[in-house]
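The next block holds one structure in the form of C-alpha coordinates; read it before the comments.
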Amino acid sequence: MPAKKNIQFGKHQLLIVILILLFFVSPLFLATEGNDYLTLHFIDVGQGDAILLTSRSGINILIDGGLPQQDNFYHLNFYLKSLGIKELDAVFLSHPHLDHMGGLIQVLDEFKVRKFFDTKVESSSQTYLKLLDIIAYHDIVYHQIHRGDRVRIGEFDFSVLHPRREFLLGSLNNLSMVLEMEKKGLTVLFTGDIELGTEKELLRNNKLSPVDILKVAHHGSLTSSAKDFLLKIEPQIAVIQSGENSFGHPSDVVITRLQNKNITTYRTDKDGDIIFSWDGRKLYLQEVNFLTRVRKLFSKAS
(Lines give C-alpha, C1' and ligand atoms only; values in the text may rest on other atoms or scores of the structure.)
Protein backbone atom coordinates (compact mmCIF):
# COMPACT_ATOMS: atom_id res chain seq x y z
CA MET A 1 0.00 0.00 0.00
CA PRO A 2 2.74 2.58 0.81
CA ALA A 3 4.46 1.80 -2.51
CA LYS A 4 1.28 2.50 -4.45
CA LYS A 5 0.86 5.81 -2.66
CA ASN A 6 4.41 6.85 -3.55
CA ILE A 7 3.89 6.00 -7.22
CA GLN A 8 0.71 8.07 -7.35
CA PHE A 9 2.47 11.03 -5.75
CA GLY A 10 5.29 10.70 -8.28
CA LYS A 11 2.81 11.02 -11.15
CA HIS A 12 1.44 14.20 -9.64
CA GLN A 13 4.94 15.58 -9.27
CA LEU A 14 5.74 14.83 -12.89
CA LEU A 15 2.51 16.44 -14.07
CA ILE A 16 3.25 19.57 -12.07
CA VAL A 17 6.79 19.82 -13.51
CA ILE A 18 5.46 19.45 -17.08
CA LEU A 19 2.74 22.04 -16.48
CA ILE A 20 5.22 24.49 -14.96
CA LEU A 21 7.37 24.26 -18.09
CA LEU A 22 4.37 24.72 -20.38
CA PHE A 23 2.90 27.49 -18.28
CA PHE A 24 5.99 29.66 -18.18
CA VAL A 25 7.16 29.01 -21.73
CA SER A 26 3.79 29.54 -23.45
CA PRO A 27 3.52 33.29 -22.72
CA LEU A 28 6.81 33.75 -24.58
CA PHE A 29 5.19 32.35 -27.73
CA LEU A 30 2.03 34.38 -27.20
CA ALA A 31 4.05 37.56 -26.79
CA THR A 32 5.66 37.18 -30.22
CA GLU A 33 2.36 37.02 -32.08
CA GLY A 34 1.16 40.13 -33.88
CA ASN A 35 1.88 43.75 -33.07
CA ASP A 36 -0.52 44.31 -30.19
CA TYR A 37 -0.81 47.84 -28.88
CA LEU A 38 -2.80 46.50 -25.94
CA THR A 39 -3.61 43.21 -24.27
CA LEU A 40 -6.54 43.25 -21.88
CA HIS A 41 -6.88 40.42 -19.33
CA PHE A 42 -10.12 39.92 -17.41
CA ILE A 43 -8.66 37.46 -14.93
CA ASP A 44 -10.71 34.64 -13.45
CA VAL A 45 -10.34 35.28 -9.72
CA GLY A 46 -13.68 33.77 -8.76
CA GLN A 47 -16.28 36.10 -7.29
CA GLY A 48 -14.32 39.32 -7.72
CA ASP A 49 -12.71 41.73 -10.16
CA ALA A 50 -9.11 41.77 -11.39
CA ILE A 51 -8.20 43.31 -14.73
CA LEU A 52 -4.71 43.57 -16.23
CA LEU A 53 -3.72 45.90 -19.07
CA THR A 54 -0.40 45.42 -20.80
CA SER A 55 1.18 47.20 -23.75
CA ARG A 56 3.78 46.37 -26.36
CA SER A 57 6.06 48.96 -24.79
CA GLY A 58 6.04 47.10 -21.46
CA ILE A 59 3.45 49.05 -19.46
CA ASN A 60 1.54 46.93 -16.91
CA ILE A 61 -1.58 48.24 -15.15
CA LEU A 62 -3.84 46.40 -12.70
CA ILE A 63 -7.41 47.40 -11.87
CA ASP A 64 -8.61 45.69 -8.66
CA GLY A 65 -7.27 42.44 -7.21
CA GLY A 66 -10.13 40.13 -6.30
CA LEU A 67 -10.53 38.36 -2.96
CA PRO A 68 -7.57 37.60 -0.66
CA GLN A 69 -5.33 35.14 -2.46
CA GLN A 70 -5.40 31.57 -1.22
CA ASP A 71 -2.55 29.10 -1.10
CA ASN A 72 -3.43 27.41 -4.40
CA PHE A 73 -2.85 27.93 -8.10
CA TYR A 74 -5.78 30.24 -8.70
CA HIS A 75 -4.25 33.30 -7.16
CA LEU A 76 -3.50 36.54 -8.95
CA ASN A 77 0.24 36.68 -8.24
CA PHE A 78 0.73 33.36 -10.02
CA TYR A 79 -1.05 34.73 -13.09
CA LEU A 80 1.11 37.88 -13.18
CA LYS A 81 4.34 35.91 -12.76
CA SER A 82 3.33 33.53 -15.55
CA LEU A 83 3.36 36.51 -17.92
CA GLY A 84 6.84 37.51 -16.80
CA ILE A 85 5.59 40.58 -14.97
CA LYS A 86 7.92 41.81 -12.23
CA GLU A 87 6.52 45.28 -11.64
CA LEU A 88 3.32 47.21 -12.16
CA ASP A 89 3.33 50.79 -13.39
CA ALA A 90 -0.01 51.46 -11.73
CA VAL A 91 -2.69 49.84 -9.60
CA PHE A 92 -6.24 51.24 -9.45
CA LEU A 93 -8.65 50.32 -6.66
CA SER A 94 -12.26 50.84 -7.71
CA HIS A 95 -13.61 50.73 -4.14
CA PRO A 96 -12.68 49.11 -0.80
CA HIS A 97 -14.77 45.95 -0.87
CA LEU A 98 -12.98 42.68 -0.17
CA ASP A 99 -13.73 41.12 -3.56
CA HIS A 100 -11.91 44.01 -5.26
CA MET A 101 -9.07 44.83 -2.86
CA GLY A 102 -8.37 41.61 -0.95
CA GLY A 103 -5.80 40.22 -3.37
CA LEU A 104 -3.94 43.51 -3.68
CA ILE A 105 -2.16 43.03 -0.35
CA GLN A 106 -0.20 40.07 -1.76
CA VAL A 107 0.38 41.96 -5.02
CA LEU A 108 1.95 44.93 -3.23
CA ASP A 109 4.12 42.62 -1.14
CA GLU A 110 5.52 40.65 -4.09
CA PHE A 111 5.68 43.15 -6.97
CA LYS A 112 7.21 46.56 -7.33
CA VAL A 113 4.32 48.99 -7.79
CA ARG A 114 5.10 52.49 -8.99
CA LYS A 115 1.75 54.25 -8.45
CA PHE A 116 -1.48 53.47 -6.62
CA PHE A 117 -4.76 55.22 -7.46
CA ASP A 118 -7.67 55.39 -5.05
CA THR A 119 -10.67 57.63 -4.30
CA LYS A 120 -10.11 57.55 -0.50
CA VAL A 121 -13.75 56.96 0.29
CA GLU A 122 -14.71 56.62 3.93
CA SER A 123 -14.09 53.01 5.00
CA SER A 124 -13.16 51.44 8.32
CA SER A 125 -12.40 48.06 6.75
CA GLN A 126 -9.34 46.52 8.39
CA THR A 127 -8.22 45.15 5.04
CA TYR A 128 -8.40 48.63 3.51
CA LEU A 129 -6.48 50.18 6.40
CA LYS A 130 -3.84 47.45 6.08
CA LEU A 131 -3.62 48.13 2.35
CA LEU A 132 -2.97 51.83 3.01
CA ASP A 133 -0.27 50.89 5.52
CA ILE A 134 1.44 48.64 2.96
CA ILE A 135 1.34 51.42 0.35
CA ALA A 136 3.11 53.71 2.82
CA TYR A 137 5.57 50.99 3.90
CA HIS A 138 6.69 50.32 0.32
CA ASP A 139 6.80 54.07 -0.41
CA ILE A 140 4.42 53.68 -3.36
CA VAL A 141 3.34 56.96 -4.96
CA TYR A 142 -0.28 57.39 -3.86
CA HIS A 143 -2.91 59.45 -5.72
CA GLN A 144 -6.53 60.20 -4.93
CA ILE A 145 -8.50 60.73 -8.12
CA HIS A 146 -12.05 61.88 -8.79
CA ARG A 147 -14.39 63.04 -11.54
CA GLY A 148 -12.72 65.31 -14.05
CA ASP A 149 -9.22 63.98 -13.44
CA ARG A 150 -7.23 62.50 -16.31
CA VAL A 151 -4.48 59.97 -15.76
CA ARG A 152 -1.88 59.01 -18.33
CA ILE A 153 0.21 55.88 -17.75
CA GLY A 154 2.56 55.34 -20.66
CA GLU A 155 0.31 55.35 -23.73
CA PHE A 156 -2.85 54.66 -21.71
CA ASP A 157 -5.28 57.54 -21.17
CA PHE A 158 -7.83 57.29 -18.38
CA SER A 159 -10.71 59.69 -17.78
CA VAL A 160 -12.20 59.53 -14.29
CA LEU A 161 -16.00 59.77 -14.57
CA HIS A 162 -16.91 58.99 -10.96
CA PRO A 163 -17.05 59.61 -8.01
CA ARG A 164 -17.25 63.36 -7.50
CA ARG A 165 -14.64 64.75 -5.14
CA GLU A 166 -17.27 66.29 -2.89
CA PHE A 167 -19.36 63.11 -2.72
CA LEU A 168 -17.44 60.46 -0.78
CA LEU A 169 -20.05 59.25 1.70
CA GLY A 170 -22.68 56.61 1.08
CA SER A 171 -22.83 53.19 -0.56
CA LEU A 172 -19.35 51.97 -1.43
CA ASN A 173 -20.72 50.31 -4.54
CA ASN A 174 -22.15 53.59 -5.80
CA LEU A 175 -18.87 55.33 -4.98
CA SER A 176 -16.88 52.96 -7.20
CA MET A 177 -14.25 54.53 -9.41
CA VAL A 178 -15.52 54.64 -12.99
CA LEU A 179 -12.76 54.85 -15.57
CA GLU A 180 -12.94 55.32 -19.31
CA MET A 181 -9.73 54.11 -20.94
CA GLU A 182 -8.69 54.98 -24.48
CA LYS A 183 -5.69 53.60 -26.32
CA LYS A 184 -5.02 53.66 -30.05
CA GLY A 185 -8.71 53.90 -30.90
CA LEU A 186 -10.04 51.33 -28.41
CA THR A 187 -12.33 52.57 -25.61
CA VAL A 188 -13.10 50.51 -22.51
CA LEU A 189 -15.39 51.44 -19.60
CA PHE A 190 -14.50 50.05 -16.14
CA THR A 191 -17.43 50.40 -13.76
CA GLY A 192 -16.48 48.70 -10.48
CA ASP A 193 -19.72 47.89 -8.64
CA ILE A 194 -21.79 50.97 -9.46
CA GLU A 195 -25.54 50.55 -9.19
CA LEU A 196 -28.57 52.14 -10.82
CA GLY A 197 -28.28 55.38 -8.83
CA THR A 198 -24.81 56.12 -10.16
CA GLU A 199 -25.75 55.07 -13.69
CA LYS A 200 -28.62 57.58 -13.61
CA GLU A 201 -26.35 60.29 -12.20
CA LEU A 202 -23.79 59.71 -14.95
CA LEU A 203 -26.54 59.87 -17.57
CA ARG A 204 -28.06 63.00 -16.03
CA ASN A 205 -24.70 64.78 -16.07
CA ASN A 206 -23.87 63.62 -19.61
CA LYS A 207 -20.66 61.85 -18.56
CA LEU A 208 -21.08 58.82 -20.81
CA SER A 209 -20.25 58.15 -24.44
CA PRO A 210 -20.13 55.05 -26.68
CA VAL A 211 -17.45 52.49 -25.82
CA ASP A 212 -16.12 49.32 -27.42
CA ILE A 213 -15.92 47.15 -24.27
CA LEU A 214 -17.93 47.38 -21.05
CA LYS A 215 -16.79 45.77 -17.81
CA VAL A 216 -20.29 45.04 -16.54
CA ALA A 217 -20.87 46.56 -13.11
CA HIS A 218 -21.34 44.58 -9.90
CA HIS A 219 -20.67 41.13 -11.38
CA GLY A 220 -23.77 41.32 -13.56
CA SER A 221 -26.13 42.05 -10.68
CA LEU A 222 -29.67 43.26 -11.37
CA THR A 223 -28.73 46.41 -9.43
CA SER A 224 -26.84 47.67 -12.51
CA SER A 225 -26.80 47.73 -16.33
CA ALA A 226 -30.09 49.54 -16.87
CA LYS A 227 -31.52 49.76 -20.41
CA ASP A 228 -30.91 53.53 -20.68
CA PHE A 229 -27.33 53.10 -19.52
CA LEU A 230 -26.60 50.42 -22.13
CA LEU A 231 -28.37 52.43 -24.82
CA LYS A 232 -26.11 55.42 -24.12
CA ILE A 233 -22.75 53.63 -24.11
CA GLU A 234 -23.57 51.17 -26.94
CA PRO A 235 -20.86 48.57 -26.12
CA GLN A 236 -20.02 45.95 -28.71
CA ILE A 237 -18.63 43.62 -26.03
CA ALA A 238 -19.51 43.12 -22.37
CA VAL A 239 -17.45 41.21 -19.81
CA ILE A 240 -18.88 39.96 -16.52
CA GLN A 241 -16.46 39.00 -13.74
CA SER A 242 -18.07 36.60 -11.32
CA GLY A 243 -17.61 33.21 -9.71
CA GLU A 244 -19.42 30.81 -7.41
CA ASN A 245 -21.68 32.92 -5.20
CA SER A 246 -24.98 33.02 -3.32
CA PHE A 247 -26.05 36.44 -4.64
CA GLY A 248 -27.47 35.31 -7.97
CA HIS A 249 -24.68 36.95 -9.97
CA PRO A 250 -24.91 37.38 -12.85
CA SER A 251 -28.63 38.05 -13.16
CA ASP A 252 -30.50 36.25 -15.93
CA VAL A 253 -32.34 39.52 -16.56
CA VAL A 254 -29.07 41.35 -17.22
CA ILE A 255 -27.79 38.55 -19.46
CA THR A 256 -31.01 38.69 -21.49
CA ARG A 257 -30.82 42.48 -21.64
CA LEU A 258 -27.31 42.32 -23.09
CA GLN A 259 -28.33 39.64 -25.58
CA ASN A 260 -31.37 41.62 -26.71
CA LYS A 261 -29.06 44.52 -27.57
CA ASN A 262 -26.78 42.17 -29.54
CA ILE A 263 -23.89 42.81 -27.16
CA THR A 264 -21.40 39.95 -27.29
CA THR A 265 -21.03 38.84 -23.68
CA TYR A 266 -18.25 36.91 -21.93
CA ARG A 267 -18.20 35.64 -18.35
CA THR A 268 -15.24 34.59 -16.26
CA ASP A 269 -17.40 32.03 -14.41
CA LYS A 270 -18.08 30.32 -17.75
CA ASP A 271 -15.15 31.30 -19.97
CA GLY A 272 -12.27 31.57 -17.48
CA ASP A 273 -9.65 34.23 -18.16
CA ILE A 274 -10.90 36.46 -20.99
CA ILE A 275 -8.02 37.95 -22.98
CA PHE A 276 -8.30 40.49 -25.80
CA SER A 277 -5.54 41.90 -27.99
CA TRP A 278 -5.90 45.18 -29.87
CA ASP A 279 -3.57 46.06 -32.74
CA GLY A 280 -4.93 49.53 -33.48
CA ARG A 281 -7.45 48.25 -36.03
CA LYS A 282 -8.89 44.94 -34.87
CA LEU A 283 -9.76 43.33 -31.57
CA TYR A 284 -8.74 39.69 -31.16
CA LEU A 285 -10.01 37.21 -28.61
CA GLN A 286 -7.57 34.54 -27.48
CA GLU A 287 -9.90 31.63 -28.08
CA VAL A 288 -7.77 28.93 -26.45
CA ASN A 289 -7.62 29.91 -22.82
CA PHE A 290 -4.33 28.23 -22.00
CA LEU A 291 -3.78 29.99 -18.68
CA THR A 292 -7.13 29.03 -17.20
CA ARG A 293 -6.80 25.43 -18.34
CA VAL A 294 -3.33 25.02 -16.86
CA ARG A 295 -4.25 26.62 -13.55
CA LYS A 296 -7.20 24.27 -13.19
CA LEU A 297 -4.96 21.28 -14.00
CA PHE A 298 -2.50 22.50 -11.39
CA SER A 299 -5.27 22.66 -8.82
CA LYS A 300 -6.42 19.11 -9.60
CA ALA A 301 -2.87 17.73 -9.59
CA SER A 302 -2.14 19.19 -6.20
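Yes or no: G148 at pLDDT 95 or above and surrounded by fewer than 16 Cβ atoms within 10 Å (Cβ to Cβ)? For G148, the condition - at pLDDT 95 or above and surrounded by fewer than 16 Cβ atoms within 10 Å (Cβ to Cβ) - is met.
Residue by residue, here is whether (1) outside any loop (DSSP other than H, G, I, E, B); (2) closer than 27 Å to R56 by Cα; (3) touching a Gly at 6+ places or on another chain (Cβ under 6 Å) holds:
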{"site": "N77", "(1), (2), (3)": "yes, yes, no"}
{"site": "K81", "(1), (2), (3)": "yes, yes, no"}
{"site": "V107", "(1), (2), (3)": "yes, yes, yes"}
{"site": "A136", "(1), (2), (3)": "yes, no, no"}
{"site": "Y142", "(1), (2), (3)": "yes, yes, no"}
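Condition check for V91 on (1) of a type in the set (A, V, I, L, M, F, W, C); (2) crowded, with 19+ Cβ neighbours inside 10 Å; (3) in contact (Cβ under 8 Å) with a residue 60 or more places away in the chain: one failure, at (3).
When we screen S242, S246 for residues that are over 22 Å from E122 (Cα atoms), small (G, A, S) and free of Cβ contacts under 8 Å to residues at least 24 places away in the same chain, the only hit is S246. Just to be sure, is N173 within 17 Å of the chain's Cα centre (by Cα) and polar (S, T, N, Q)? It is true that N173 is within 17 Å of the chain's Cα centre (by Cα) and polar (S, T, N, Q). Among the residues making up segment 204-255, those that are among the charged types (D, E, K, R) and closer than 17 Å to S176 by Cα are K207, K215.
For segment 39-88, filtered to residues that are in contact (Cβ under 8 Å) with a residue 40 or more places away in the chain and among the polar types (S, T, N, Q), the residue that is nearest to H249 (Cα to Cα) is Q47.
Scanning segment 175-190 for residues being buried (at least 24 other Cβ atoms within 10 Å of the Cβ) and either at pLDDT below 95 or among the charged types (D, E, K, R) (or both) gives a total of 1. Looking across segment 56-75, the residues that are buried (at least 20 other Cβ atoms within 10 Å of the Cβ), at pLDDT 95 or above and either part of a strand (DSSP E or B) or of a type in the set (A, V, I, L, M) (or both) come down to N60, I61, L62, I63. May I ask you to verify whether T268 is β-branched (V, I, T), within 22 Å of H75 (Cα to Cα) and modelled with pLDDT under 95? Here the answer is yes, as T268 does meet what is asked. If the condition is being in contact with a His (Cβ under 7 Å, 6 or more places away or on another chain), assigned to a loop (DSSP other than H, G, I, E, B) and either among the polar types (S, T, N, Q) or modelled with pLDDT of 95 or more (or both), then segment 234-249 contributes Q241, S242. Exactly one residue among L214, L189, L202, L231 is touching a residue at least 40 places away in the same chain (Cβ under 8 Å) and farther than 20 Å from D99 by Cβ, and that residue is L202.
Here's the yes/no breakdown for (1) surrounded by fewer than 19 Cβ atoms within 10 Å (Cβ to Cβ); (2) farther than 17 Å from H100 by Cα; (3) modelled with pLDDT of 90 or more:
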residue: G197; (1), (2), (3): yes, yes, yes
residue: I255; (1), (2), (3): yes, yes, yes
residue: K261; (1), (2), (3): yes, yes, yes
residue: D273; (1), (2), (3): no, no, yes
residue: Y284; (1), (2), (3): yes, yes, yes
residue: R293; (1), (2), (3): yes, yes, no
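As a summary of the residue check, N206 satisfies the conditions (1) under 17 Å from the mean Cα position of the chain (by Cα); (2) modelled with pLDDT under 95 except for the one numbered (1).
May I ask you to list the residues in segment 199-229 that are out of contact with any strand residue (DSSP E or B) (no Cβ under 8 Å at 6 or more places or on another chain), buried (at least 18 other Cβ atoms within 10 Å of the Cβ) and in a helix (DSSP H, G or I)? Listed by number, the residues that qualify are E199, A217, H218, F229. In segment 110-132, is there at least one residue being assigned to a helix (DSSP H, G or I), surrounded by fewer than 20 Cβ atoms within 10 Å (Cβ to Cβ) and either among the basic types (K, R) or at positive phi (or both)? Yes, segment 110-132 contains a residue that is assigned to a helix (DSSP H, G or I), surrounded by fewer than 20 Cβ atoms within 10 Å (Cβ to Cβ) and either among the basic types (K, R) or at positive phi (or both). Going by the structure shown, is S299 loosely packed, with under 15 Cβ neighbours inside 10 Å, assigned to a helix (DSSP H, G or I), at pLDDT below 95 and not charged (D, E, K, R)? The answer is yes for S299.
The values are calculated or read from the model by the stated rules, or taken from the named source; none is laboratory data. Predicted, not measured: the structure shown is a model, and the values here were computed from it. Backbone-built Cβ (ideal geometry, glycine too); neighbour counts: all protein chains shown.
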